[in-house]
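Written below as structure tokens is the structure these notes are about.
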Amino acid sequence: MKKGKLPESEMPVYTDTEEILERERKILLELGNDITRVREKNDLLMLFRKRIKGFFYFTHTIVTLIDYKDETYIPFLLDNDGSPIRSHARYQEMVQSRFSLNEPFIQSVLQSAEPISFLLEDIMDQPKSPAFLRVNYEKGVREILMTRLMKEEKPMGFIHIYNDKPGSFTTEFRNVMKGIASQLSSAVSNIIKNEEILKKEKEKSFLLDFSSNIATVRTKEELARAVRTALSSLNPPGGFVIRRINEDNTTMSPYVYDLSKTHDPEMIRALERARYPIHDGLQNRVLNSSIPLLFNVDREIQRGITSSYLQYWKTMGFKEIVGIRLRNGETNHGILFLDIAEINIELLQGICAQISIAIANIMANEKIHEKQEEQAFLLEFSNDISQVRSKQDLQDAIFRVLDKTMHSQLAMIRVMNDDGFHLSAFMFDRTLFENAKVDFEKMMATPITVEETYTAQVLASKDGLVFNVEEELRGGNAYAKLWKTTGLKNMYGLPLRVGDKIIGTIWLLANKLSQLLLKGICAQISIAIANIQANEKLLAYKKQLEVENDYLKEQIKTIYNFSEIIGSGEHMQKVYHLMSLVADSNSTVLVLGETGTGKELIARAIHNASPRKDKLMVKLNCAALPANLIESELFGHEKGAFTGAIDRRIGKFELANNSTLFLDEIGELPLEAQAKLLRVIQERELERVGGKQIIRIDVRLIAATNRNLEEEVKAGRFRADLYFRLNVFPIHLPPLRDRLEDIEALTHFFVGKYSRNTGRTIRKIAPKVIQQLRSYTWPGNVRELEHLLERSILLATDGALDEVYIPQHTDPGKKDIAYLLNRSLEEVERSYIIETLKRCAGKISGAGSAAEVLKIPGNTLHSKMKKFGISKSDYFA
């Protein structure tokens with residue numbers, strides 16, 4: 001069969017079914033081979049225009065693709081040469097339109113597994129029918145054949161075949177379209193993929209060129225040229241603007257821009273001077289978004305965004321604006337706004353990444369240049385200061401540098417008096433307050449101390465503070481009224497230090513000052529003042545440092561034998577497990593146990609296993625202090641806070657900052673102190689007694705008590721809210737009478753310890769000693785065992801420990817009277833014998849045996865055991 005279109009008169013007529021099927025197979029085979037060679041849109045267009053038209057008659061074809069995001073379908077492939085509607089007035093509208101999937105015509109196509117045809121006059125005027133049906137009809141088209149394109153069993157688009165002769169879509173034509181539909185779907189998918197690959201390659205090449213161009217950028221002007229060149233390829237009709245975040249971190253200003261639509265110089269000047277709040281409802285959304293955002297100008301105005309730049313955009317005719325944040329690492333530098341309606345996210349992100357790096361480099365270069373100038377200035381100022389010999393020389397040098405170089409004026413320098421509490425005026429510029437002489441003289445006469453609000457804030461800061469005059473005026477700052485008369489915007493207050501010593505404060509009025517210059521000048525002025533007043537020695541913090549140093553030295557010298565906790569029984573294993581769970585956290589731990597069970601030992605072990613182990617654990621025994629001193633010990637006090645407070649004292653919480661505070665015997669804390677302790681635990685901040693300054697702390701708290709805090713809460717002696725705060729992670733230490741398996745190990749440990757301490761050599765411990773120790777109830781727990789063994793070692797004479805001096809009267813309170821009264825005499829006697837046998841490790845008679853503890857002969861004990869049916873399983877379980 002010849003390729004190409006045949007005249008209708010020459011087309012053979014097939015009547016035999018086999019011949020028709022054979023023809024269809026040949027057509028499908030030929031078209032299938034042709035489809036496999038399709039690589040781009042033009043190949044597919046030629047397939048329809050020349051090959052398929054060679055077999056069947058139709059006017060023109062288009063391919064549309066489905067966009068599921070907004071449930072529409074849009075033109076993808078257009079037969080511009082063969083289309084009769086090219087001359088229609090609405091042709092461009094049809095090419096750019098998006099047609100809804102939610103209408104009867106296209107829904108019937110989606111539901112049909114085979115090609116489906118329609119007469120245009122039957123459907124074009126139905127409700128919601130797409131406009132392209134009537135447009136084609138008006139240009140002579142009468143019938144349309146629609147075929148679905150499928151991808152992964154989901155419709156991806158449609159083939160529209162139009163005809164000006166009704167009834168031309170024969171069964172054979174439909175069968176052929178059905179047969180090649182899957183191949184056409186694959187071909188369209190391949191074309192889309194190829195176009196995406198070519199697009200990405202083009203974008204990569206563009207970004208590579210842009211990266212090369214912007215790598216050499218060192219100034220704002222060079223950046224503007226590079227960005228203008230790059231963005232011109234995106235064809236933003238109205239240009240672009242880059243806004244940079246200002247130093248106040250609350251506003252943004254135009255940095256680089258190209259507004260080709262704007263020729264109004266006054267509007268451009270207004271844009272250049274503007275400072276727009278970051279949190280204006282639009283800019284903050286861009287800065288918080290990791291992808292470009294598309295804004296409709298009118299819609300944002302309707303939403304209530306009042307920023308003036310939106311009105312500027314509207315005046316300039318901008319309708320759609322894309323905003324992309326400029327971010328380098330974790331730092332936002334600004335925003336790029338583009339007047340462009342379509343977003344290529346990857347390309348814009350690539351451009352903005354390069355712009356962000358360029359801005360960061362420019363900022364770095366500007367800072368380097370600025371620092372170089374500042375360092376040169378500081379060197380010159382240092383030379384001037386080195387020649388100062390008097391207060392007048394210093395004043396001349398300071399006034400000269402502040403006025404001519406820094407455009408600032410000296411409000412006041414105050415120096416510390418000998419008492420380390422009051423500050424006196426040392427130097428000031430009277431001409432600064434010419435408009436408020438009365439107020440200035442009045443404030444000069446007011447004594448200033450380190451506790452004065454603003455002085456205290458400045459002295460507590462590291463590099464000084466900036467007070468905005470207007471804000472302070474609104475806040476009721478009395479000084480701000482005086483500052484306002486100068487017309488300057490900010491008051492800079494900085495501490496003057498020589499080494500670690502504070503010698504005073506300096507107050508400067510200016511609109512803006514460099515932090516580096518301020519630090520450098522203050523350092524030089526501090527040294528000059530110290531030299532001029534060589535005899536003035538400030539000791540304001542000396543006592544504080546001595547107290548801290550003495551406390552730390554005392555802690556270092558103290559020997560704590562907690563490198564190894566003795567005990568491997570079941571009860572202690574549970575304790576070790578709990579310690580391992582809580583050690584790495586910052587959670588509060590409550591250690592509970594009887595007196596002498598080793599609560600402090602556990603607290604230190606938890607601290608030494610925690611991330612805070614590099615700092616010493618601070619300890620306070622709440623039972624060892626008078627009630628009126630506990631608050632001072634915990635939180636510290638200021639000088640003069642109460643009678644006897646001759647100096648500032650640092651409390652245990654401050655000393656334990658970034659470490660662990662161990663509060664022993666917490667149950668002994670008075671109720672008034674409990675309330676203040678609760679606040680500190682909750683807020684993580686405190687005020688010294690007599691102080692006003694809030695001190696932030698980071699302290700890990702471990703508390704211990706031998707009291708039953710739940711009972712104390714019920715009795716009203718302990719606050720329930722504090723108990724719940726402390727009881728985050730309770731650890732119960734077992735009494736020694738429940739740790740009989742650990743007695744032998746503890747005995748060997750203490751014998752070894754006190755043998756070294758006393759100079760006595762104990763080579764042997766008699767078995768009966770261990771039995772005797774196991775049979776005792778130990779009301780004093782491990783501490784009692786330790787002291788008993790120390791006494792026994794001192795009384796030993798032959799290098800062997802054959803005797804221990806165990807008290808003969810145990811604590812009757814350890815018995816549960818109510819429990820005993822509800823049992824028969826025989827039951828009580830049987831239970832008592834079993835418990836005694838357990839404590840004596842099953843030894844019935846002899847030294848350290850149950851018979852010895854019960855003070856009955858061994859035979860009598862055997863008889864009673866037989867009588868009560870006591871077997872080994874009862875006391876070895």
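The values are calculated or read from the model by the stated rules, or taken from the named source; none is laboratory data. Predicted model only: the values in this text are computed from it and were never measured. Virtual Cβ from ideal backbone geometry, glycine too; neighbours counted across all protein chains shown. Just so you know, the surface numbers come from the protein's heavy atoms only, side chains and all, with ligands and any DNA or RNA stripped out. Shrake-Rupley method; radii C 1.70, N 1.55, O 1.52, S 1.80 Å.
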Q | Which listed residue, of Ala376, Ala360, Ala425, Ala436, is farther than 30 Å from Gly691 by Cα and modelled with pLDDT of 75 or more | A | Ala360
Q.
Filter segment 19-64 down to the residues that are charged (D, E, K, R), in contact (Cβ under 8 Å) with a residue 60 or more places away in the chain and assigned to a loop (DSSP other than H, G, I, E, B) and list them by number.
A. Arg39, Glu40
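Answer yes or no as to whether Tyr819 is open to solvent by 90 Å² or more (accessible area, probe 1.4 Å) and either at pLDDT 80 or above or of a type in the set (A, V, I, L, M) (or both).
Details: open to solvent by 90 Å² or more (accessible area, probe 1.4 Å): yes; either at pLDDT 80 or above or of a type in the set (A, V, I, L, M) (or both): no.
Taking the combined requirement at face value, the residue does not satisfy it.
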(Q) For the structure I just gave you, tell me whether Ala360 is outside any strand (DSSP E or B), of a type in the set (A, V, I, L, M), without any contact (Cβ under 8 Å) to a residue 40 or more places away in the chain and surrounded by fewer than 12 Cβ atoms within 10 Å (Cβ to Cβ). (A) no
Q. Residues in segment 220-248 that are within 34 Å of the chain's Cα centre (by Cα) and either exposed (fewer than 12 other Cβ atoms within 10 Å of the Cβ) or at pLDDT below 75 (or both): how many?
A. 2
(Q) Looking for something modelled with pLDDT of 85 or more and closer than 24 Å to Ile180 by Cα - is there at least one such residue anywhere in segment 22-40? (A) yes
Q. Where in segment 280-355 are there helices (runs of 4 or more DSSP H), lying fully within it, with 2 or more residues that are more than 28 Å from the chain's Cα centre (by Cα)?
A. 297-302, 308-315
Q: Search segment 675-717 for residues being part of a loop (DSSP other than H, G, I, E, B) and within 24 Å of the chain's Cα centre (by Cα), and hand back the single one that is surrounded by the most Cβ atoms within 10 Å (Cβ to Cβ).
A: Val699
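Among the residues of segment 119-142, is there at least one that is among the aromatic types (Phe, Trp, Tyr) and either at positive phi or within 54 Å of the chain's Cα centre (by Cα) (or both)? Give the steps one after another, and end with the answer.
Of segment 119-142, the ones among the aromatic types (Phe, Trp, Tyr) are 132, 137.
Next, from what is left, pick out any that are either at positive phi or within 54 Å of the chain's Cα centre (by Cα) (or both): none.
Within segment 119-142 (the criterion being among the aromatic types (Phe, Trp, Tyr) and either at positive phi or within 54 Å of the chain's Cα centre (by Cα) (or both)), the answer is no, since none of the residues qualifies.
Limited to segment 459-472, what total is found for residues that are open to solvent by 60 Å² or more (accessible area, probe 1.4 Å) and either farther than 26 Å from Phe421 by Cα or aromatic (Phe, Trp, Tyr) (or both)? Explain how you work it out, then say what you get.
Here is the first cut: in segment 459-472, the residues open to solvent by 60 Å² or more (accessible area, probe 1.4 Å) are 460, 462, 466, 470-471.
Retained after the next criterion (residues that are either farther than 26 Å from Phe421 by Cα or aromatic (Phe, Trp, Tyr) (or both)): 470-471.
Number of matching residues: 2.
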Q) Quick check: anything in segment 295-310 within 22 Å of Arg225 (Cα to Cα) and either in contact with a Pro (Cβ under 6 Å, 6 or more places away or on another chain) or touching a residue at least 24 places away in the same chain (Cβ under 8 Å) (or both)? A) no
Q.
Here is a list: Asp396, Asp418, Asp384. Which entry is in a loop (DSSP other than H, G, I, E, B) and among the acidic types (Asp, Glu)?
A. Asp418
Q: Give segment 820-877 a look and list any residue that's polar (S, T, N, Q), within 24 Å of Asp738 (Cβ to Cβ) and part of a loop (DSSP other than H, G, I, E, B), or say none.
A: Asn822, Ser849, Ser871
Q: Under 6 Å between Cβ atoms, at least 6 apart or on separate chains: pull out the pairs that start in segment 259-284 with a residue that is more than 12 Å from Tyr312 (Cα to Cα) and end on any residue that is open to solvent by 30 Å² or more (accessible area, probe 1.4 Å) and modelled with pLDDT under 70.
A: none
Q: Please go through segment 599-618 and pick out each residue that is closer than 15 Å to Leu663 by Cα, in contact with a Lys or Arg (Cβ under 8 Å, 6 or more places away or on another chain) and either β-branched (Val, Ile, Thr) or not in a helix (DSSP H, G or I) (or both).
A: Met617, Val618
Q) Just for segment 439-450: of the residues that are surrounded by fewer than 17 Cβ atoms within 10 Å (Cβ to Cβ) and within 16 Å of Gly420 (Cα to Cα), which one is modelled with the lowest pLDDT? A) Pro447
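Would you be able to tell me the number of residues in segment 658-674 that are in a strand (DSSP E or B) and either under 17 Å from Gly636 (Cβ atoms) or at pLDDT below 90 (or both)? Give the derivation first.
Keep residues of segment 658-674 that are in a strand (DSSP E or B), which gives 660-664.
If we keep only those that are either under 17 Å from Gly636 (Cβ atoms) or at pLDDT below 90 (or both) as well, we get 661, 663.
Final tally of qualifying residues: 2.
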Q | Residues (modelled with pLDDT of 85 or more, within 21 Å of Glu247 (Cβ to Cβ) and either open to solvent by less than 80 Å² (accessible area, probe 1.4 Å) or of a type in the set (Asp, Glu) (or both)) located in segment 258-305 | A | Tyr276, Pro277, Ile278, Asp280, Gln283, Asn284, Val286, Leu287
Q: Name every residue in segment 636-656 that is more than 17 Å from Val589 (Cα to Cα), free of Cβ contacts under 8 Å to residues at least 60 places away in the same chain and of a type outside the set (Asp, Glu), in order of residue number.
A: Gly636, His637, Gly640, Ala641, Phe642, Thr643, Gly644, Ala645, Ile646, Gly651, Lys652
Q: Quick one: in segment 454-485, of everything that is under 35 Å from the mean Cα position of the chain (by Cα) and touching a residue at least 60 places away in the same chain (Cβ under 8 Å), which residue is nearest to Asp429 (Cα to Cα)?
A: Ala456
Q.
Conditions first: (1) of a type in the set (A, V, I, L, M, F, W, C); (2) under 30 Å from Val322 (Cβ atoms); (3) open to solvent by less than 40 Å² (accessible area, probe 1.4 Å); (4) touching a residue at least 40 places away in the same chain (Cβ under 8 Å). Phe377 passes all but one, so which condition is the exception?
A. (2)
